[in-house]
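Data block below; observations after.
The values are calculated or read from the model by the stated rules, or taken from the named source; none is laboratory data. Predicted model, so just to flag it, every value in this text is computed and none were measured. Positions of Cβ are backbone-derived with ideal geometry, glycine not excepted, and every protein chain shown enters the neighbour counts. Please note that ligands, DNA and RNA were not included when accessible areas were found on the heavy atoms of the full protein model with its side chains. Shrake-Rupley method; radii C 1.70, N 1.55, O 1.52, S 1.80 Å.
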Amino acid sequence: MSDRRRWIGERVPRIEDARLLTGRAPFVDDWEPPGTLHVAFVRSNLPHAKILDIDTAAAAAHPGVAAIYTAEDLGALCCPGPVLVPPPPIEGAIFHARTPLPLAREIVRHQGEPLAMIVADSRYIAEDAAALVSVDLDALDAVVDLSTALNEGAPLVHSDLGSNLAAHVRQTKGDYEAAKSAADRVVARRFRYDRGVAAAIENRGVLAEWDARADRLRVWDTTQAPIPIRAAIASTLGLSEAQVRVIAPFIGGGFGPKVMFYAEEILIPWVAMQLGRPVKWIEDRYENFFATTQEREQLHESELALTEDGRILGVRDHFLHDSGAYDPYGLTVPINSQCTLLGPYRIPNYESEFRVVFTNKPMVTPVRGAGRQHGVFVMERLLDIAAKELGLDRLDIRAKNLLDPDEFPHNHEIIYQDSAPLTYDSGNYAPALAEAARLIGYHDFENERRAAAADGKRIGLGIVNYVEGTGIGPYEGARITVEPSGKVRAATGVGTQGQGHFTAFAQVVAEAVGVNPADVRIVTGDTSEFHWGTGTFASRGAVVAGNAFGAAAQAVREKILAHASEALEVSEEDLELVDGTARVRGAPDVSIALGELARRANPLRGAVKPGTEPGLEATSYFGPERGTTANGVHALIVAVDPETAMVDILRYVVVHDCGTVINPMIVEGQIHGGVALGIGNAFYEELTFDEFGGTTNASFMDYLLPTATDVPAIETAHMVTPSPLNPMGTKGVGEAGAIPVAAAFVQAVEDALREVAPTLELVDIPLSPGRLFEALQDAGEEA
């Protein structure tokens, strides 16, 4: 190992950025084969209605229209889609699977559900023709309010079920009732976390081209899971997987919704095969507010049982989760909420029960954080309130309940989304909390507060813990090839949406085979390049695909050493791999280039040793026994104007532990992006619906997103507790920046206003300037 140049852990500049910044990185909409037709969808403007008639005659007669399809035209294709992620086997769980049709038939169940598909020579023509389609809908009462959706007599989203219950899950450990009886204090509150969109900079898009002569289908797709999409398209259209090539090129943000399998991903390829021409659909921003899945309304009734000195005895959390009109992604989001609530704390007794509810709103699937935000918000808010009621320091109440390093692995005795028991593999929580407190100046903050008050400013501090389940299976793979040029080609099935995969994976490969990361060409998201895998989600790329690359790179290294040993007539132990060569230690002039070894490893003539494999190539797979657990602490200081309810974030600190850090700069970038999204969730972003279930702010003029002026400079520090579950010791980091922001934000705002509004208690997210203004007025009336 001593010969290796250490690339893992280095701040290597992102290899992919040159292509992105110069406009050479291809996105789906950059492709348009000759003769491409374009699609526009006619979508329902009502959230719940009977379909009486869809008249397409005028649209079909419009010049430039190639075809129009409704549900009646789809034949066997018009059937409900699959449940992509079946629920884990939790004893007593109830799950009613309901998935949408490609085009709605008989009933519309949410605004924006597709009714008809227009195919035309251009998108302009398709949109004009869509406006000519006459749709006759008979409005039905809509299920809009999550809190009343299960009431007797409520309208039904799916009439065959008899209620709007989509799922019911109860998980427990210990005996919460006994813990409550023994408690000195029980804190009980109701929390609400509302709905928002992912708002990726690139909307979804699909382009399909059928080659009848080759009998092959090529699909470009903005998907986070190209290999599962290939399998779904092939099985639905009656093709072999070898006939279908799915390409997920550069993607302008995924954040979870693009891991879904949508109707457009089967309709566009099907139409391309029907018409024998390339067909493209690019989602517009207005469509995105309905056609792409969302997250994340929940209502929680929660209790925390404690001793007088703040030791946690138990937690009870019962909540409702809004699934929207369908539940194609199983129970991933509410189970994440259920499991992440436990945080880094020692909680001997836990009772958690949730009901998933159908409503007449767009579908809910994971968005960055995927339900973990809710659990962290509930737990951290309960601790804040308990600290106030018990007269304890909010840092101390957290510190005394943290799990110790000798308590790992720690089995929480409930089932996680990966169907395995929720077991934390490793962690060292107390130093992370102490470091965040030091960096934010927690112990000197009262002096800072007094100085600010003298200038007429009201400032507050928030500090919260979190854990993040990451790196779940089942597996990913990687293939590495040393080419005769001396360059290294490395392929995997995961797609990339801006995470820095091209750089991080190249660092893993480069360290093992002795080249510069710039000489490693990473290929992702193309099913013709790598055939097996699951996708990019759940903060798993560096953990699962990264360790597959590590294993394949080690296998290639061993082949290099074996061939170099023979070529240079020295033992493998005397060799080192440096700068693209294999050379003798202490005699660097006695060397051979990797490209030359690659050529020799693939001879055109002559005999080879029995059992010899051609080439310097290896393919490996990695599947963890369960997910790894990352953790961290967020701390921030805010300034609040009590008259306008405007909040300024003055400082933001993140101390994060994602195990072995492959590239600190990339980790920091992931954290920064997550914090920006978290700030939006905490204070700006909220989808609003009218009483009929229609979205009232489906544009960026009305749906507030944080801008560069709203996101502060973010200070980061890395702790390293390697995971024992994989050879590299890595844990995920993709969602960590977003998960605890709301909890830290409202704690800081409350802290800033403690003198002007001592009874203020913030239990709803997003907070929003308007909601904070109303809360301040209510607190003033109570005072």
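The H on the amide N of residue 686, modeled in the peptide plane, is under 5 Å from the matching H of 704, each at least 5 residues off or on a different chain.
Please identify the trypsin sites (Lys or Arg not before Pro) of segment 15-95 that satisfy two criteria: DSSP loop assignment and at most 16 other Cβ atoms within 10 Å. Which are they? Within segment 15-95, the qualifying trypsin sites (Lys or Arg not before Pro) (loop, at most 16 other Cβ atoms within 10 Å) are 24. The string of couplings for segment 702-712 from the Karplus curve (6.51, -1.76, 1.60, θ = phi - 60°) is 10, 8, 7, 10, x, 10, 4, 6, 8, 9, x Hz, one whole number per residue in order, with x for Gly and Pro.
A simple charge model with +1 on the Cβ of Lys and Arg, -1 on the Cβ of Asp and Glu and nothing else charged puts the dipole of the chain at about 2020 debye relative to its Cα centre. Carbon and sulfur together cover what percent of the accessible area of the chain at a 1.4 Å probe radius? Its accessible area is 51 percent carbon and sulfur atoms. Past 26 Å, Cα to Cα: identify those pairs from 388/457; 258/280; 180/400; 258/731; 50/258, in the order given. Among 388/457; 258/280; 180/400; 258/731; 50/258, the Cα-Cα distance tops 26 Å for 50/258.
Mean separation of Cα pairs under 8 Å and 6 or more residues apart, divided by the residue count, gives segment 667-783 a relative contact order of 37 percent. Adding -39500 (n - 2.57) for every DSSP H run of four residues or longer, then dividing by how many residues the chain holds, sets the calculated 222 nm ellipticity at -7500 deg cm²/dmol.
3J(HN,Hα) along segment 5-10: 6, 7, 9, 5, x, 8 Hz, from the Karplus curve 6.51 cos²θ - 1.76 cosθ + 1.60 with θ = phi - 60°, whole Hz, x for Gly and Pro. Taking the DSSP bridge list for segment 292-412 and keeping only pairs wholly inside it, about 50 percent are antiparallel.
Computed from the C-alpha gyration tensor, the three semi-axes of the ellipsoid equivalent to the chain are 43, 38, 23 Å, from longest to shortest. Using Cβ point charges alone (K and R +1, D and E -1), the dipole size of segment 78-204 about the Cα centre works out to roughly 700 debye. Of all DSSP-defined beta bridges confined to the chain, some 80% are antiparallel rather than parallel.
Residues whose amide H falls under 5 Å from that of residue 663, counting only those 5 or more places apart or on a different chain, are 9, with hydrogens built in the peptide plane. Sorting 653-662, 552-561 by their mean Cβ neighbour count within 10 Å, with the most densely packed peptide first, gives 653-662, 552-561. Normalised by the number of residues in segment 473-622, the mean separation of alpha-carbon contacts (under 8 Å, six or more apart) gives a relative contact order of 33 percent. Computed across segment 473-622, the Kirkwood hydrodynamic radius from all distinct Cα-Cα pairs reaches 15.7 Å.
When you filter the GluC sites (Glu not before Pro) in segment 60-116 for DSSP loop state and at most 10 other Cβ atoms inside 10 Å of their Cβ, you are left with 91, 106. Each residue of segment 171-184 was assigned a 3J(HN,Hα) from its phi angle through the Karplus expression (A = 6.51, B = -1.76, C = 1.60, θ = phi - 60°), giving 10, 9, 9, x, 9, 5, 4, 5, 5, 5, 5, 8, 6, 7 Hz with x at Gly and Pro. Considering only alpha-carbon pairs that sit under 8 angstrom and 6 or more positions apart, the relative contact order computed for the chain is 16 percent. Candidates 535, 486, 470 compared by Cα position along the dipole of the chain: farthest toward the positive end lies 486, with charges placed on Cβ.
Taking the inverse of the average 1/r across all pairs of different Cα atoms in segment 237-391, what Kirkwood radius in Å do you get?
18.5 Å
Each label was represented as a point 7 Å from its Cα along the Cα-to-Cβ direction; for residue 715 and residue 457 these points are 1.4 nm apart. Across all C-alpha atoms in segment 187-292, the radius of gyration and Dmax reach 16.5, 69 Å. Applying a DSSP loop filter and a limit of 15 other Cβ atoms within 10 Å to the GluC sites (Glu not before Pro) in segment 143-225 leaves 152.
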